[in-house]
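Undergrad: Next up is a structure, given as structure tokens.
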Amino acid sequence: MSDPFIQKQLALDATLTESDPIETAEWRESLASLLGASGPQRVREIMDVLSAIARAPDIGWRPALGTPYVNTIPASHQPPFPGDLATEERLASLMRWNALAMVVRANKAYGELGGHIASYASAADLFEVGFNHFFRGGNQGDLIFYQPHSAPGVYARAFLEGRLQEDDLAHYRQEISARKRGVKGLSSYPHPWLMPDFWQFPTGSMGIGPISSIYQARFMRYLQHRGLLDTSARRVWGVFGDGEMDEPESMSALTLAAREKLDNLTWIVNCNLQRLDGPVRGNGRIIDELEALFVGAGWRVIKLVWGSDWDGLFARDSEGALARAFATTVDGQFQTFAAKDGRYNREHFFGQDPALAALAQGLTDEQIDRLKRGGHDLVKIHAAYHAAMETTGLPTVILAQTKKGYGMGEAGQGRMTTHQQKKLERDDLIAFRDHFSLPLTDEQVASLSFYRPAADSPEMRYLHERRAALGGFTPERHSDAPPVPVPPLARYGEFAVKADGKEMSTTMAFVRMLTSLLKDQHLGPRVVPIVADEARTFGMANLFKQVGIYSFNGQAYEPEDIGSVLSYREATDGQILEEGISEAGAISSWTSAATSYSVHGQAMLPFYIYYSMFGFQRVGDLIWAAADQRSRGFLLGATAGRTTLGGEGLQHQDGTSLVQAAAVPNCRAYDPCFAGEFAVILDHGMRQMMERQEDVFYYVTLMNENYAQPSLPTGVERDLIKGLYRYATHGPENDKGNSKVRLLGSGAILREVIAAAELLASEWGVAAEAWSATSFSELARDAREVERFNRLHPREDARVSHIERCLGGATAVIAATDYVRAWPQLIASYVDAPFTALGTDGFGRSDTRAALRSFFEVDRHHVVLAALTALRHQGQLDASVCAEAVARYGLSTEDPPAWLV
Ligand SMILES: Cc1ncc(C[n+]2csc(CCOP(=O)(O)OP(=O)(O)O)c2C)c(N)n1
């Protein structure tokens, strides 16, 4: 018979309540003899047959998804450890020390800096086995998502590798002061924006690492299947916290990973059983819960619960006492055991049962104290990673049990408060040194000296050999990808720039341009259209047939509409990523494509089109993370604005995305009204990202309203990109060609503004200009910069912002948009004239577009009234004129208005 553990299970006295224990015993014996005679493979076959019968509806048996609280890889199946264990342990101890010293030093100097010791203390061995044996480096290396609060440990390793110096470590969490001293400041968490040569993936916001890792693994398959890049040798690793698994994003794509057979993906969940406030599952067991969840989702689960020292105990435990004790010990109790010493564990864990006490008899208290959990045993960790690497056809999760604050002794190990501990007293530091046998004097410990062994020491030679064998250092971020030429605008956007009154929506115009771009010889293959179950909504069904929907296993069915020219076509080399109803998934795919230039050295151009409301509002944090990792691509907020999607009401009407987009530093946000404007923005953005390779991305609104599209006035392109150009003038101009009242509009409301300018001239004798404000955020960006320059350089010639250039000399400026007033108000303080903002604040609601625009007071009549009122305030008009306008246009004077909440 194979494993002693199985023997014990078979011999175990049933503790379950059974109707017929004698019969049960007979079945057990049969199974035991089968196992003895024919081996485990035959047992599995028989069980398959029996369970198929037992699952019949009238029996209704279901397998339990859990397995006993022991290692999935039995000691007898462990591969030999290929490294030098003693050297690796010494190296791990040095990483621990330098990481700890970095955090404690920073906080001694400036108590406000914060930092974490306990997370890395629990994860150090999990990282080190990866670094020494599995994580491949170099520009075609593995993609690794690091648990964010373990960043100090990753810096500590880079220090030993010679990639960071003492001065850098001394500037942990001090990027600004570091820059002044010409050294690297180390960011709190992994931030590609702050450390663009180092971190690849931002993981600081819990849940974003897990979902991103799945979509990155999936995108590698996409590149492979589309014949764009051989990614077969690359893997994705993610080290995450057990508390982090509670985030919906962590869980939401598990089935996708299994369905698409992503065996290039391995997660390591660091189950230190604690999160920030306390235990993750004090009254249960997180490892069991996650095991059931991942198995149910179709993953391979490898439990890595106990270290090698326990192997002997299990072997001697002929009564199965350990299994019994584990089955009744909850995580809150395991945490207490972690926090207490060997003596306490002898009394309270081993002491709960005479058989257990007997097992511990041969051990000193010190030995009991040092019994390791699986995630602290390099040999066991290696066995688990090795098994993950061998797994084919499904992703793997390793559930590694560790102790939070491992080695921090009284000061932190297993303590409720350990997550936030960043200071240690001298005695605690000395105890830490002794626990890990660090080669440090008391003085070195007290002064928190960083320690790097001599270059020719066995440790350093070993460390470099291992990294060389694995292809180089990691993490390391690259950004060298060949530029991709963008076709001339005339080739795909002429119909929009010279629309000449043709009716269409900007969404239709976008789809037409996208369709052309997909055919371009150079750019076409790099385009990644992404939808979250709304391709038909946005008129993109034609692309299903043309470029296909990506499916790792092609199309295993005859689509219902096979005879149609637009039939639903899935293909292994399909180009569209159809993510179903998962905005979080779609944006994660977008980010994978948008960072491909860096992750794969192959620039891709993703276009994710979605109901605008479900973008920044729904997945804003994922967009922020995309910005952090320097994504390049287009986000297309379709049916944007509060009044373009008449009947849809509150839930779909987006009045805020532009304001949120404006707050993302590298996001270029535009709200074009006309197809030609959109074409110019598209052309500019593609050149900026694909040819000039700047780290920006675009959020551009699209509308579903059909109207006559004018040809773009000539020569406006530069101003349009700056965010404002003059579209039309009505009434007399002054000698500089300017009229005094400037009306600014964007997106859905520009046409109302244009109409208002006409009305002002024709009905009220007021000269007015209509300006298309394609981007208030770009205008504000430029004005901010100019204002700052002029403030700091009082002796130099004052610079002039685009706003001043356009609006200087105006008597009044009225800005109306389909978004909350905060959007046009971005420029208010830079406008040297009375400024009125009209917008769609309040909840959306359902009605016709005209009714909505009137309700929100952004239609032409309200723009006219706002302009007349501005003139009245300057004494140029009498109040009676405004009253006349209110009466003539039948404007509601309800007070307060229904939109004001
Ligand atoms: C979205 C988000 N919410 C909250 C936090 C704050 N936070 C940082 S670490 C942490 C606890 C992490 O616990 P766990 O995932 O178990 O990792 P551990 O540090 O215990 O290894 C929390 C709540 C965060 N970083 N991101």
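The values are calculated or read from the model by the stated rules, or taken from the named source; none is laboratory data. A quick note: this is a predicted structure, and the numbers were derived from the prediction, not measured. We place every Cβ from the backbone using ideal geometry, glycine too, and count neighbours over all the protein chains shown. What goes into the accessible areas is simple: the full protein's heavy atoms, side chains included, and nothing from ligands, DNA or RNA. Shrake-Rupley method; radii C 1.70, N 1.55, O 1.52, S 1.80 Å.
Undergrad: Kindly provide log₁₀ I(q)/I(0) values, in the same order as q = 0.13, 0.16, 0.19 Å⁻¹, from the Debye equation applied to equal alpha-carbon scatterers of segment 602-756.
TA: Log-scaled intensity ratios, in q order: -0.65, -0.94, -1.22.
Undergrad: Moving to a separate point now. Quick one: if the Förster radius is 45 Å, what FRET efficiency do Ala469 and Ala37 give, using the C-beta to C-beta distance and rounding to 0.05? Numbers along the way, then the final one.
TA: Values: r = 45 Å, r/R0 = 0.99.
The pair Ala469/Ala37 has a calculated efficiency of 0.50.
Undergrad: Which value in nm describes the separation of the simple spin-label points at Ser19 and Gln361, placed 7 Å from the Cα toward the beta carbon?
TA: In this crude label model, Ser19 to Gln361 measures out at 4.3 nm.
Undergrad: At what distance in angstrom do the alpha carbon centres of segment 350-418 and segment 823-901 lie from each other?
TA: Result: 67 Å between the Cα centres.
Undergrad: Let me ask something else. Write down the Kirkwood hydrodynamic radius of segment 284-437, to one decimal in angstroms, obtained as one divided by the mean of 1/r over all alpha carbon pairs. Each step should come with its number before you reach the end.
TA: Numbers: mean 1/r = 0.0589 Å⁻¹.
That comes to 17.0 Å for segment 284-437.
Undergrad: For segment 669-745 and segment 620-656, what is the centre-to-centre distance using only Cα atoms, to the nearest Å?
TA: Between the Cα centre of segment 669-745 and that of segment 620-656, the gap is 19 Å.
Undergrad: Taking all protein chains as present, what is the carbon and sulfur share of the accessible area of the chain, in % to the nearest whole number, probe 1.4 Å? Numbers along the way, then the final one.
TA: Working: 18130 of 35820 Å².
Heavy-atom surface of the chain belonging to carbon and sulfur, 1.4 Å probe: 51 percent.
Undergrad: Leaving out ligands and nucleic acids, and using a 1.4 Å probe, what accessible area per residue does segment 135-287 come to in Å²? Mind dumping the intermediate values first?
TA: Numbers: 4770 Å² over 153 residues.
Spelled out: the 1.4 Å probe surface of segment 135-287, per residue, equals 31 Å².
Undergrad: Taking a temperature of 25 °C and a viscosity of 0.890 mPa s, what whole-number D in µm²/s does Stokes-Einstein yield for segment 767-901 with Rh from Kirkwood over alpha carbon pairs? Working shown, then result.
TA: On the way: Rh = 16.6 Å.
D = 148 µm²/s.
Undergrad: Counting only DSSP beta bridges with both residues in the chain, what percent are antiparallel, rounded to the nearest 5? Don't skip to the answer; put the middle values down first.
TA: On the way: 11 of 69 bridges.
Of those bridges, close to 15 percent are antiparallel.
Undergrad: Hey, another quick one. Once the convex hull of the C-alpha atoms of the chain is built, how many Å³ does it hold per residue, rounded to a whole number?
TA: Once divided by residue count, the hull of the chain is 212 Å³.
Undergrad: Further question: Counting each pair of different Cα atoms once, what's the Kirkwood radius of segment 581-643 in Å, rounded to one decimal?
TA: Numbers: mean 1/r = 0.0845 Å⁻¹.
About 11.8 Å for segment 581-643.
Undergrad: Sorted by packing (mean other beta-carbon atoms within 10 Å per residue), highest first, where do 97-104, 340-347 land? Write down the numbers at each step before the final one.
TA: Numbers: 97-104: 26.1, 340-347: 16.5.
Per-residue Cβ counts within 10 Å, averaged per peptide and sorted highest first, yield 97-104, 340-347.
Undergrad: Heavy atoms only, probe 1.4 angstrom, no DNA, RNA or ligands counted: give me Asp832, Asp695, Asp442 ranked by accessible area, highest first. Intermediate values should be presented prior to the final figure.
TA: Numbers: Asp832 140, Asp695 35, Asp442 60 Å².
So the residues, ranked largest to smallest area, are Asp832, Asp442, Asp695.
Undergrad: Could you give the distance between the Cα centres of segment 306-329 and segment 62-93, to the whole Å?
TA: Taking the Cα centre of each part, segment 306-329 and segment 62-93 sit 15 Å apart.
Undergrad: Run lengths n ≥ 4 of DSSP H only: what is the helix-derived mean residue ellipticity at 222 nm for the chain, with -39500 (n - 2.57) per run over all residues, to the nearest 500? Write out the running numbers ahead of the final one.
TA: Working: 37 runs with 374 residues, N = 901.
Per the formula, -12000 deg cm²/dmol.
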